[in-house]
1. Efficiency by 1/(1 + (r/R0)^6): what FRET value for Val336 and Val657, r their Cβ-Cβ distance, R0 = 22 Å, to the nearest 0.05?
2. Leaving ligands, DNA and RNA out of it, work out the accessible area of Thr228 with a 1.4 Å probe and give it in Å² to the nearest 10.
3. Straight-line reach only, C-alpha to C-alpha below 28 angstrom: list the lysines that Lys452 could link to, leaving out same-chain residues fewer than 8 apart.
4. Taking 8 Å as the Cα distance limit and 6 or more residues as the minimum spacing, I'd like the relative contact order of the range 117-191 as a percentage.
5. Round to the nearest 0.05 the FRET efficiency obtained for Lys452 and Cys252 when R0 = 22 Å and r is the Cβ-Cβ distance.
6. Contour minus end-to-end for Arg259 and Glu761, with contour as 0.36 nm per residue of separation and end-to-end as the Cα-Cα distance?
7. Would you mind calculating the gained length between Ala680 and Ala664 on full extension (0.36 nm times residue separation, minus the Cα-Cα distance), in nm to one decimal?
8. Hey, what's the chain come to in accessible area per residue, 1.4 Å probe, Å²?
Amino acid sequence: MSAPLEGLRVVDCSWGTAGPRATGMLADAGADVVWVELPGGDPWRRALPAAASVFNRGKRSRVLDLTRDDGRAALFELVAAADVFVESWRPGVADRLGVGYAALHERHPALVYCSISGFGADDPRRDVPGHEALVHALAGTMAEQPGHRDGPIFEGLPFASIGAAYLALIGTLAALYRRDDDGWGRHVETSLLDGALAYFSMLWGESDATPPGPTLKAQGTTRIITRTFLCADDRYVGVHTGAVGAFGRLMCVLGLDDRIPPSESGLDMGMPLTAEQVAILDTEIHDIFRARSCGEGVALLRDADVCAIEHLQPCEAFDRPQVRHNGMVTTVDDPVLGPVEQVAPAAKFARTPMRVRGRAPRVGEHDGATFTDTTRSHATPSTPPDTRPLLEGLKILDLGAYYAGPYSSRLLADLGADVVKLEPVVGDPLRGIERPFASAQAGKRSIAANLKDPELASAVRGLLAWADVVHHNQRPGAAERLGLGAESAHAANPELVYLYAPGWGSSGPDMMRQSFAPMMSGYAGIGFECAGEYNPPIWPSGNEDPGNGLLGAVAVLMALLQRRRGGGGQVVENPQLNATLAHMAHAVRGDDGTVIGAHRLDPLQLGVGAFERLYETADGWVCVVAFGAAQRAALGAVAGVDVAGMTDPDADGDGDVVGLRIAAAFATRKTDEVLDELTAAGVPAAVPVAPQMSAFMCDPEQRRLGRVAEVHDPERGGVRELAHLLRVSDAATVPHQLAPALGEHTDSVLRDVGYGREQIEALRARGVIR
């Protein structure tokens, strides 16, 4: 029962939260991670102690001064026995220290080298400090985040760092997968900007024929409910009617079906509402929910098979039976915080489980430590690198629907995997909403078939035998009824990696509840986290659907690496509940019930203290991140505010006073003036941009970098979508392909598994395939 990455050796020179989150997942998966800290320790330990306690658990800490020859020599000794090196310095810093990719690759050609920066090594903003807030300001996500006031909204959920961590893992694990073939290490490069884009992929995109869609702040006018309602007990419930027929069932339960009648097909999401119906959903529906308690409303809609999920405070879900059933809470005796409850590893491996291997280390606790197993050779491979896409040759059968599950295989298709999407003859329900469907299904082949027909039984067996990976996110029992459950799949192909991504879990008291984003974010406490202290909950602009997909891709690659080491196939469970809780892993709960690491955003949604926040100017806004005493003093000097001795923005309320004084000073000045003075003083700052999806899609620099691709479509002309968010050396990039038409590849896939032309035509005539 070894862990999926048992024996992997990692040198972690990252800091902040993105890199440590990524390497922390490697440690939970069994890797031996040596965390190299600066003299005095990682400064983020003090800034975010709860996050540090989670993302660095199970690691060993060595303090090395890489500006000194002896520090670099000690690092080289570690790297000589390592498989992976991770750094998160600003582009160019590693090279100046003598530990850049070129230097380490020359010494150790099998080493996989991962770089995580703010904007990427080749982005025009490469020299902007890689702080979460600055990335959101310049990416335009602050303009898209819903808020309780006008203007840019400070992001309460650090999804740029979360996304960057997942992308770094996907790239690193895929590079290790290819290294098993040719022996070469590669340079994997991503950024916080890429991490944010991984979440906005489901929203951003356009074509010559389709105008840009509404921002998240715009109210919808189609037959789908994705809203929060206040109940009689002053608690909140989120409702989502994305499931087939759910909109109609909700209207019936609420007694509104006479004025908003259900559709016959149940595929409501893309159908428009009349102006009168929009008015009903904007007013009357709120009164109906206000007449019941949250528990009554959830129970009523659950009985009607409509997704209704209560909003909870951060860490409140720790006490819910399903969360405990899923094993999503672990207790760690942290050296700084003491005993705390933390979010446990989210992906559940049946044969090689992940687990927490110990607390986070003290600074330099393992000085002198090295890797005990140094027997592997790092000699230069005898043949050149295999420059095919990293995952070319990997075969995936995707039975999933909607977004959260299928996004996993789309991310792997981006790296060269051959993904066959098998959907019903009426199509994936998400086909009614162009943008998220296009994102989740890009790069795949589509077969549309009614798997209940007995004449397709041999096709199912053939596809199972063909695949390396099977994925689905159907409700418990649904795949089994189609003969595609894990047991049947492994009977047909014992070497399969079987990824199951249910909403709540494959078993447990809530296993049959519906789950949709962003409702599950409310359950994990993210709604309150994004709203600011004392405010009603609000949805995050980066939600759990992409997060679930990102985690699923990571889990598949871990299982594939474990299989290559002789472990065989296995089932990996990746519930949306677990993935959403992982978004809040930076918050922990003490043994006295105190929540640490949450509720940092202020009531006006401006920021998390005087030195990391938005400030309004006379003609706009500026976002400031002053990290450390020197930058904070410089910020105070620009604003004419004395911050001497106030290095902790939360100490005794001093930070509130400082923030108010800086705000008063900047309110009388123009934005350009403030930004120029801050930049000259060495204070990281940026002007938050307006919604910029269309501008980003047409930016030649982003197309050059591969983040944006334009593909010609006969009906829509040029289609522009977010594409590649990883850059990898010695590996070809897969040309971006648009999502397939329904059943576009049905004939070719059936021929591949042995069906003849007449047999295919007979199936089509009976409506079994499309």
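1. 0.20
2. Counting only protein heavy atoms, the figure is 30 Å².
3. Here the lysines satisfying the reach criterion relative to Lys452 are Lys395, Lys421, Lys444.
4. 28 percent.
5. Efficiency computed from Cβ-Cβ geometry: 0.20.
6. On the way: separation 502, 0.36 × 502 = 180.72 nm, distance 4.34 nm.
Residue separation times 0.36 nm, minus the Cα-Cα distance, leaves 176.4 nm.
7. Details: separation 16, 0.36 × 16 = 5.76 nm, distance 2.07 nm.
Gain in length upon complete extension: 3.7 nm.
8. Ligands and nucleic acids excluded, the result is 36 Å² per residue.
The values are calculated or read from the model by the stated rules, or taken from the named source; none is laboratory data. Predicted model, so just to flag it, every value in this text is computed and none were measured. Note that each Cβ is placed from the backbone with ideal geometry, even for glycine, and that neighbours are counted across all protein chains shown. We work out accessible area using only protein heavy atoms, side chains counted, and drop any ligands, DNA or RNA first. Shrake-Rupley method; radii C 1.70, N 1.55, O 1.52, S 1.80 Å.
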